[in-house]
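> After the structure tokens below, expect a handful of questions from me.
Just so it is clear, none of the values below were taken in a lab; they were calculated from the coordinates. None of the values given here were measured: they were computed from a predicted structure.
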């Protein structure tokens, strides 16, 4: 974080680690600098973490990885059918393809609501596919990538 900017922002979930004086938590005075964003054990963070773990346990880690890997395989196939050069990959949830304008492609796709990344110096755009991804998500990536 840029120096000076941290002091202008309030921590979203104050914790003992983010307070200037943890002995006086009711004052909610944040620590100066970026340390004010240290989370520690915040209620919302713990609730989200516990719910994520419960969801993964319900679905099963094997199913979660299999679904994500299968969707990534499908994305790689769809990109290749559209004539894009898909980088070699193993059984992974990551799919990369060649682009001479990778950074511009990532920016253009971000404007369309699709978050990807470029791999600097490699001329590649990379998608990270999750078990929560949908066929519609994949189709959207392919449509935008093939422009």
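> As I understand it, the value is the acute angle between the Cα axis of helix 135-145 and the longest principal axis of the Cα atoms of the chain; what does it come to in degrees, rounded to 10?
Approximately 70 degrees, to the nearest ten.
> Same structure again: Which three lengths, in whole Å and largest first, does the range 6-58 cover when its Cα atoms are put on their principal axes?
If we take the Cα atoms of the range 6-58, the spans are 41, 22, 11 Å.
> Past the 26 angstrom mark, what percentage of all C-alpha to C-alpha distances in the chain do you count?
50 percent
> Another one. Cα centroid distance between the range 5-23 and the range 54-71, in Å?
So the two Cα centres are separated by 36 Å.
> Now a separate question. Give the angle, between 0 and 90 degrees and rounded to the nearest 10, that separates the Cα long axis of helix 102-111 from the longest principal axis of the Cα atoms of the chain.
70 degrees
> Across the range 33-114, how large is the tail of the calculated P(r) beyond 18 Å, expressed as a percent of all Cα pairs?
Tail of P(r) above 18 Å: 66 percent of Cα pairs.
> Also, quick follow-up: Before anything else, pin down the relative contact order of the range 61-145: Cα pairs under 8 Å, at least 6 apart, normalised by residue count, whole percent.
34 percent
> Could you grab the Rg to Rh ratio for the range 52-98? Cα atoms only, Kirkwood for Rh.
Result for the range 52-98 is an Rg/Rh of 1.13.
> In degrees from 0 to 90, rounded to the nearest 10, what is the angle of the helix 61-81 Cα long axis to the longest principal axis of the chain?
Tilt of helix 61-81: around 50 degrees.
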